[in-house]
Every structure is written in C-alpha cells, then in structure tokens.
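Got a structure for you, questions after.
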Amino acid sequence: MEGFVEWFRIDAVHRLVVEGCRGWRLRLGEGDVVAHLVSLDGDVYGVHGIGIDVLEMVFDNLVRFERVSMELRSCWLLRFSSMAMDFDSIAIHRRCGLLYLVSRIGGRYRLGVAALCKDRGTVQSVAKAMGASDAELVEDLDVEKIVGYLRSCPEIDPSNIVKILRPVRSRIVSTPLTIDLVDVPSHGLYLGYLLDPLFRRKKRAWLPYPLGHTIIVGATGSGKSTTLRRLCIELSRYLPVAIIDWVGEHSEALQGSAKVLRLGVDISIPLREGSESVEQFIDRLSYYIETAWSCSLTPLQRRILLSIVTKIGNPTIDRLLTALSTWLSSDRKDYVQSADALISRLSILAPLRNVFDPTKPRLEVPTTGITVIDLSSVEPTYLRKIAAHALLYALLRRARVERKRLVIAVDEAHNLLDTDSRNIVVEAFLEYRKFGIEMVIATSSFVDMPRQIVENASIVIAHRIPSLRQAETIADLFGSSRREKEMWIETLRTLGTGVAAIVTRDSPHPLLVEIEPYTTTR
C-alpha cells in the first residue's frame, strides 16, 4: 500500500497521548509510528482540507509531523450504524492502535475506524466503547477493500474530524475498556450510577436480587462503609437485616432508620446456646480461650471442661470458674495443674460478663427492617472478636432453628477473620446460604481472607486499594488476561472515594459504579 496510505510520524507521541489526550492512556502500536488519517477521494491521494500544516496548527506545535511509508497487511475494520460517539473524548485502548480513515465523495465526508491489534478481546472492547456494531478482521488489505469499507461508513461533519485529532488536556485514565456498560439489571438493589471507563455517569446501577454472599473491600476512607449501608438499606426491602457494628459507626449513621442495640448493655447472648451439644460448646469455648491466649488446650483440660459443663445446665463464666476451683483440691497433681491453668485462661473472658449476662434481655432474630448491634461498648477491644463471634453464632443458630431468612452484615470483618476452621464467618459462608441466610462483609484486608470465603462469594465490590499486593490479588478476579490485570491493578489503586469496581458471577466483566450514599434522595 506504499504510495497510497499517508502516515505521519509524531516525534512526541508519548507526551501527546499520555499527557495530552482525553481518554485512556494511549499507545498506538508498539513504536512511535502512528497512523492518524487516511483520506480517499476516488483516485486522489492526499488529505482533503486537513494538510500537515493544518494538523500542526491544530496541535499548537505540540508535535511535529513527517510523512513515512509503511506496509499495512491486516487490521480490524469497525462497523458503525451511525456516528453517535462523543468526539470530544474518544475512547482508545492503550494496547490498540486506531487508524482513522476519512473519505470525501461529492462533498460528503465519511469516517471509518480501523483497529491495529492482534487481540480479539481488546478490539471488541474498543469497538463497544466507541459504539461500533461489529469489528471485522481483514487480511491482505488493499485499496479496493478500504474504498469499499469507506463507502459503507456513516457520514460525519467535517468539524468532528478535527475534534478526533485535537488533544484535550486531562488526567491520565487507564481503566480497562472491558467494563460492562450495558448488561446490568434495571431493578433489584439500587447502588448509584454506572460509570464508563472515563468515570462519566451513564445510567443507574443495580445489583440483582437475591444477592448471595458479598465481599466489600477497600482502604479506610475509600467508601466501603457507605456501600455497606446502601446495600443494607436496599436489602431490608426484601429481608430483615442485622448489622454487626464494630466501632459504632452505623449506629450513629442509621439512627432513626434502624433499631440500635448495644451488646452487653441493651441485650445479651447466652454463653451456650440451648440447641448446642456439650461437645459443640466445649469446642467453641476452647476456640475463645485459644483466641485470647494464642495457645491450645490440652486433652486433659478439655476433659475437665467437659465434666464441668455436663453438670451445669446453663453455664456462665462465673459458674465455670467456681466449678473449676473445686478441682484445685483434687488428689491428682495433673488435675490441679490443669484446673489452675484453665482458671487463669478462662478468667481473661471475665470482662465479657455483661455480654453473656443471663439477667439482661436476650437477643432475638430480627424480623423486619434493619437492626444494628453495636459492639463498641465491649471492652477491652481485644475481647471484642470473641463477643462478635459469639453474637454471630447465636444469630446464625437461632435463624436456622427458627427457619427465618436473614441478611447479616459485618463491618470491619478483618477483625473477626482467621484461618481456624471453627471461625464462624467461614462457617456462615460455607453452610448457611442454604438456610436462607446471606452474608455481607466489609474489610480493609483482602489478602489474608480465608480462601473458602472468596470462593463462596457471589459478588466482590472493590473500592480503592493502595496496597499493590492486595490490588494484585483482586485483579486476578477482575482480569482475564495479563494485560487486563495490569490495568485493573492501576485502576484499583487510584479509584476515587465512593467509586467501586464490582464483579458478579453473572457479569462477564466488572462494573464501575459510583455508590450513592443512602441519605441521598433518588
């Protein structure tokens, strides 16, 4: 095609496309040779009305142009039914070069776009972002094929030709074009606004209902708690919702919209659930002691606990300590030593007396609306994990026994999670979905999250994650190729407050959503 296609070499291509152009970070091809414009007018070769001198004036001397010749063997031709794209901010993938083809026949201009890229998925995403209806790979490109293609292209106003090439200064955006802009439900759980890769609002964003288990992840201040509240407000239209509030944030934010209960002040939970076997209780109590002390109980210590609990119908921390003290007078030295160690280890749970106080009103499974269970009054803080674990256990057991459907939302869930198989959050994700119980957890730490939770989550909502390691882990869920994952890593680390990338099991690509705070009127 030498002598037919006019190419322009731009000597400052990286400064132009990275710092100057509105849209995605742009690299046309692998080098600095960029095909910007081809003009065909029958057999006339040249640039009608937009010569090199005009282009240099448009670019205001940002770059210089010189003519070069190259051989173009194949490309993807984008098919448009109309030119409805926003010419002020053409969307271009940094991995895909674009060749704009312009023809003037009988005073009418037509615009075609050819994509220079080997990857079909990238080309399809570019076509989707530009509003093309199809993209056709053409091998052995020649003059007749280009002319035939241009004759089928829609007409364009000549002023838009300059807009395509005019650089507009704005911040760099590297968001992948594979963000889903169309295949979202129009009802269900309202979130806010669907954004395109340039972070422009396109339409309202919804998640399908039922939701399934959900993970919300993001750094402090990124908006994950706002997203948790928005989801809880929406879910409460279908099911009762219980929010486990670690620091009291939701108790204050939802005051007047939710029922607020302070654990250990307004309500308590039994140390042992009525439907729980002795073995199950001993196993759970051992977990609490081991969590507080970071060491396991010996077989003899477990046997002593088993003997005591069997005789106590409704155990409390004080009753267990009293019963253990009787073992100190045993004739067997090993029993005395084990009982003494148990007393020391169980005594650390004594500040949780109010949480397990049988004289206080017992927690009931919510039946409507939102109930916030505030844990901020549980002190010391290092015992709050045990209180939250016991609270979740009580809620899950009762909801299952009473056959009540329920949504349980846990904020600051990283404070509750560990890799122990007895961890109640892991158990909830594995076992309780079939009983009509859905979990929504918000955390600032995704890397250390147990594998079972990630594998059983239906939806992952990711806010800004500055940590490279965490961004890489989440990008594995979002990107299907190495290049796409690289782009998601950069995007996740720079998302604005209140903006989240969302992937569901039903969506082929992630969604980019601006979460609307629950207090905002729709």
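Regarding Ala500, is this residue within 20 Å of Ala394 (Cα to Cα) and touching a strand residue (DSSP E or B) at 6+ places or on another chain (Cβ under 8 Å)?
Answer is no for this residue.
For segment 288-347, how many residues meet the condition of being free of Cβ contacts under 8 Å to residues at least 40 places away in the same chain, β-branched (Val, Ile, Thr) and in contact with a helix residue (DSSP H, G or I) (Cβ under 9 Å, 6 or more places away or on another chain)?
The qualifying residues number 8.
What do you reckon, is Leu55 surrounded by 14 or more Cβ atoms within 10 Å (Cβ to Cβ), more than 27 Å from Phe199 (Cα to Cα), over 30 Å from the mean Cα position of the chain (by Cα) and at pLDDT below 70?
Yes, satisfied.
Going by the conditions given, is Ser377 closer than 18 Å to Glu249 by Cα, modelled with pLDDT under 95 and surrounded by fewer than 16 Cβ atoms within 10 Å (Cβ to Cβ)?
Against the criterion (closer than 18 Å to Glu249 by Cα, modelled with pLDDT under 95 and surrounded by fewer than 16 Cβ atoms within 10 Å (Cβ to Cβ)), Ser377 qualifies.
Still on this structure: Of the conditions (1) surrounded by 19 or more Cβ atoms within 10 Å (Cβ to Cβ); (2) within 23 Å of Asp245 (Cα to Cα), Trp488 fails just one. Which one is it?
Exception for Trp488: condition (2).
Can you tell which of Gly148, Gly112, Gly121 is at pLDDT 80 or above and surrounded by 12 or more Cβ atoms within 10 Å (Cβ to Cβ)?
Gly112
Please verify whether Leu116 is in contact with a Cys (Cβ under 7 Å, 6 or more places away or on another chain) and within 30 Å of Gly479 (Cα to Cα), treating the condition exactly as stated.
Judged against the criteria, Leu116 is a match.
Pick from segment 183-199 the residues that are part of a loop (DSSP other than H, G, I, E, B) and under 18 Å from the mean Cα position of the chain (by Cα): which of them is modelled with the lowest pLDDT?
Of everything passing the filter in segment 183-199, Asp183 is modelled with the lowest pLDDT.
So Ala500 fits all but one of (1) modelled with pLDDT of 90 or more; (2) surrounded by fewer than 21 Cβ atoms within 10 Å (Cβ to Cβ); (3) closer than 19 Å to Val410 by Cβ; what number is the exception?
Here Ala500 clears every test but (2).
Would you pick out the residues in segment 495-517 that are closer than 22 Å to Val126 by Cβ and hydroxyl-bearing (Ser, Thr, Tyr)?
Residue satisfying the conditions is Ser507 alone.
To keep it simple, each residue is scored yes or no on (1) within 44 Å of the chain's Cα centre (by Cα); (2) closer than 17 Å to Leu349 by Cα.
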site: Ile243; (1), (2): yes, no
site: Leu261; (1), (2): yes, no
site: Ser277; (1), (2): yes, no
site: Trp293; (1), (2): yes, yes
site: Leu306; (1), (2): no, no
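Hey, Lys434 hits all of (1) surrounded by fewer than 16 Cβ atoms within 10 Å (Cβ to Cβ); (2) assigned to a loop (DSSP other than H, G, I, E, B) but one; which does it fall short on?
With respect to (1) surrounded by fewer than 16 Cβ atoms within 10 Å (Cβ to Cβ); (2) assigned to a loop (DSSP other than H, G, I, E, B), Lys434 is out only on (2).
Here is a follow-up. Quick check on this structure: which one of Pro366, Pro351 is under 18 Å from Pro270 (Cα atoms) and in a loop (DSSP other than H, G, I, E, B)?
It is Pro366.
For segment 153-175, does any single residue satisfy the condition of being closer than 21 Å to Thr491 by Cβ, out of contact with any His (no Cβ under 9 Å at 6 or more places or on another chain), at pLDDT 85 or above and among the charged types (D, E, K, R)?
no
Which residue out of Leu511, Leu477, Leu468, Leu492 is modelled with pLDDT of 90 or more and either within 20 Å of Leu207 (Cβ to Cβ) or touching a Cys at 6+ places or on another chain (Cβ under 8 Å) (or both)?
When all the criteria are applied, what remains is Leu492.
At least 3 residues that are in contact (Cβ under 8 Å) with a residue 24 or more places away in the chain and surrounded by 23 or more Cβ atoms within 10 Å (Cβ to Cβ) in each: list the strands (runs of 3 or more DSSP E) lying fully within segment 208-277 that qualify.
214-217, 241-245
The values are calculated or read from the model by the stated rules, or taken from the named source; none is laboratory data. Since the structure is predicted, the reported quantities are computational estimates derived from the model, not experimental observations. Using ideal geometry, Cβ is built from the backbone for each residue, glycine included, and neighbour counts are taken over all protein chains shown.
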